[in-house]
Amino acid sequence: MREDAGVSEEADERVTTPLVDEAVKKAAVAWVSVAGGPAYALWCLPLDGALLLVSGPGEQSAPGLADADAAEVTLRGDHGGRIVTWPARVTRLHPGTEEWDAAAPLVAAKRLNAPGPVADLAHRWAAEGCALNRLTPAGTPVAGGDLPADSLAERPREAPVVRTTRRPFRLHKVRR
């Protein structure tokens, strides 16, 4: 066990393929599923063969990811379609560690529409309990012909922001 970051040496061993490496390098959005639940589209930052994601108050919602040990990650290719799905080992980076101090400013700098300076954003994440997670490839990926051929489209999830659509107001009778 390394004393400096509190991470075992096992965590440094990556199980990956060239396809996963290339997809991770180009990733800006990843679909992440925790414990067989629905996949959520999350913005991410590739760093050293892993993906960094931030979630929590004032940031993107990733139910269950902050406390998870494993997740399933799906990445898209240049054509916009899914090219690989792989199991990931989830490691939460904690404020005050060397890993946090190195990663948080990098993720904050890539955060679009961030309120305030980058340094303040990283401090806000630490103060409000936001989770900064590293997703590292940790198993056999599913790619190419092994991916499902159907669309896997699902009904939209229920959300409090959904409203019923009303018919438009018409002052006069519309002739056909």
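The values are calculated or read from the model by the stated rules, or taken from the named source; none is laboratory data. Predicted, not measured: the structure shown is a model, and the values here were computed from it. So basically every Cβ, Gly included, is an ideal-geometry build from the backbone, and we count neighbours across all protein chains shown. Note: accessible area is taken over every heavy atom of the protein model, side chains too, but ligands, DNA and RNA are not part of it. Shrake-Rupley method; radii C 1.70, N 1.55, O 1.52, S 1.80 Å.
At-a-glance table
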{"item": "THR164 versus LYS25: modelled label distance in nm, points set 7 Å from Cα along the beta carbon direction", "result": "5.3"}
{"item": "Segment 20-42 residues near the modelled ASP78 label - backbone nitrogen below 18 Å, point 7 Å along Cα→Cβ", "result": "20-29"}
{"item": "Sulfur and carbon atoms: percent of accessible area, the chain [1.4 Å]", "result": "53"}
{"item": "If the convex hull is drawn through the Cα atoms of segment 44-134, its volume per residue in Å³", "result": "109"}
{"item": "For the chain, built as a Gaussian network whose Cα springs stay under 10 Å, the top-fluctuating residue of PRO38, PRO160, PRO115", "result": "PRO160"}
{"item": "Amide H within-cut-off set for LEU47, under 5 Å, with H built and near neighbours excluded", "result": "LEU52"}
{"item": "Percent of C-alpha pairs per 5 Å bin, the chain, short to long", "result": "1, 7, 15, 18, 17, 14, 9, 6, 4, 3, 2, 2, 1, 0, 0, 0"}
{"item": "Euclidean distance of C-alpha centroids, segment 35-64 and segment 101-158, integer Å", "result": "3"}
{"item": "Stretchable slack from ALA70 to HIS123, in nm (0.36 nm times residue separation minus alpha-carbon distance)", "result": "16.4 nm"}
{"item": "Rounded D (µm²/s) - segment 28-88, Kirkwood Rh over Cα pairs, Stokes-Einstein at 20 °C, 1.002 mPa s", "result": "178"}
{"item": "Rounded to the nearest 10 Å², the accessible area of GLU99 at probe 1.4 Å", "result": "40"}
